[in-house]
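J.: The structure follows.
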Amino acid sequence: MEQKFEFTEGNYGMLDYKNEHTLKRYKELCKQRNEVDVKKYDCFFAFSNEQFAQGLKSIRPLREGEKLVSIGAGGYGTRDGAERLFKFYDAMNAQIKAECNPQEVYVYEYNNHECCIDWDGDLNAIRLIASIWGEDVARNIMRKSAFYPIEQIFGGKA
């Protein structure tokens, strides 16, 4: 019989957990997502003029009149490349949603974002859950350090 996932507050406010069943897979999927070679999507990241020039050389040559688009967080790419990259990210999130337990992911991300010392409490962790599983699932997560009530984050339930 599969044991139920459990978590409690541990040292310094971090969450201790046991009987996790999907966190190994979650970490594998996150690693795959985070280590994607964005150049194969005609995208790159640059934080200086030198890095921008190098990044521009690392993607396919731009067509006449084609311009790069900013994808945020220092990222740039061709419009079609950025669309393909974001489809890849969406597919990874869909895989996480299908294969991972949102409560387990919440606890892991709570610790990962050090929500126990964050001025916003668990805001980063609960927003991540909502971005993958949706607001309805986020509303049913057992939360710790919930500085903002769920209604304040997502609005009242209709």
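The values are calculated or read from the model by the stated rules, or taken from the named source; none is laboratory data. Note that this is a predicted model, so its numbers are computed, not measured. Cβ atoms come from the backbone with ideal geometry, glycine included; neighbour counts cover every protein chain shown. The accessibility values were calculated without ligands, DNA or RNA, using every heavy atom of the protein model including side chains. Shrake-Rupley method; radii C 1.70, N 1.55, O 1.52, S 1.80 Å.
J.: Return the residues of region 128-158 that are in a helix (DSSP H, G or I), more than 12 Å from V105 (Cβ to Cβ) and open to solvent by 30 Å² or more (accessible area, probe 1.4 Å); say none if nothing qualifies.
T.: E135, D136, R139, E151, Q152, I153, F154
J.: Looking at (1) out of contact with any helix residue (DSSP H, G or I) (no Cβ under 9 Å at 6 or more places or on another chain); (2) of a type in the set (A, V, I, L, M); (3) closer than 20 Å to I141 by Cα, which one does L56 not meet, given that it meets all the others?
T.: (3)
J.: Here's another thing I want to ask about it. Counting only residues that are of a type in the set (A, V, I, L, M, F, W, C), within 23 Å of E6 (Cβ to Cβ) and either within 15 Å of the chain's Cα centre (by Cα) or not in a loop (DSSP other than H, G, I, E, B) (or both), how many does region 116-127 have?
T.: 2
J.: Something else: Restricting attention to region 39-51, and to residues there that are of a type in the set (F, W, Y) and in contact with a strand residue (DSSP E or B) (Cβ under 7 Å, 6 or more places away or on another chain), which single residue is surrounded by the fewest Cβ atoms within 10 Å (Cβ to Cβ)?
T.: The selected residue is F45.
J.: Need pairs with beta-carbon distance below 9 Å; first residue under 18 Å from A82 (Cβ atoms) and within region 50-61, second modelled with pLDDT of 95 or more and open to solvent by 70 Å² or more (accessible area, probe 1.4 Å); sequence gap 6+ or separate chains.
T.: If the second residue must be modelled with pLDDT of 95 or more and open to solvent by 70 Å² or more (accessible area, probe 1.4 Å), the pairs left are Q51/F45; G55/K39; G55/F45; S58/K39; I59/K39.
J.: Inside region 115-127, can you point out the residues that are surrounded by 13 or more Cβ atoms within 10 Å (Cβ to Cβ) and either touching a His at 6+ places or on another chain (Cβ under 7 Å) or over 19 Å from C100 (Cα atoms) (or both)?
T.: C115, C116, D118, D120, G121, D122, L123, N124, A125
J.: Restricting attention to region 15-38, and to residues there that are open to solvent by less than 60 Å² (accessible area, probe 1.4 Å) and not hydroxyl-bearing (S, T, Y), which single residue is farthest from the chain's Cα centre (by Cα)?
T.: Step by step, filter region 15-38, then rank; the result is N19.
J.: Got at least one residue in region 102-114 being without any contact (Cβ under 8 Å) to a residue 40 or more places away in the chain, surrounded by 14 or more Cβ atoms within 10 Å (Cβ to Cβ), of a type outside the set (A, V, I, L, M, F, W, C) and outside any helix (DSSP H, G or I)?
T.: Within region 102-114, one or more residues are without any contact (Cβ under 8 Å) to a residue 40 or more places away in the chain, surrounded by 14 or more Cβ atoms within 10 Å (Cβ to Cβ), of a type outside the set (A, V, I, L, M, F, W, C) and outside any helix (DSSP H, G or I).
J.: I'd like the full set of residues that are under 16 Å from Y12 (Cα atoms) and of a type outside the set (V, I, T), limited to region 110-140.
T.: Across region 110-140, the qualifying residues are Y110, N111, N112, H113, E114, C115, C116, D118, W119, G121, D122.
J.: State which residue is nearest to A73 (Cα to Cα) when the search covers only region 8-50 and only residues that are touching a Lys or Arg at 6+ places or on another chain (Cβ under 8 Å) and assigned to a strand (DSSP E or B).
T.: Across region 8-50, the extreme among qualifying residues is L15.
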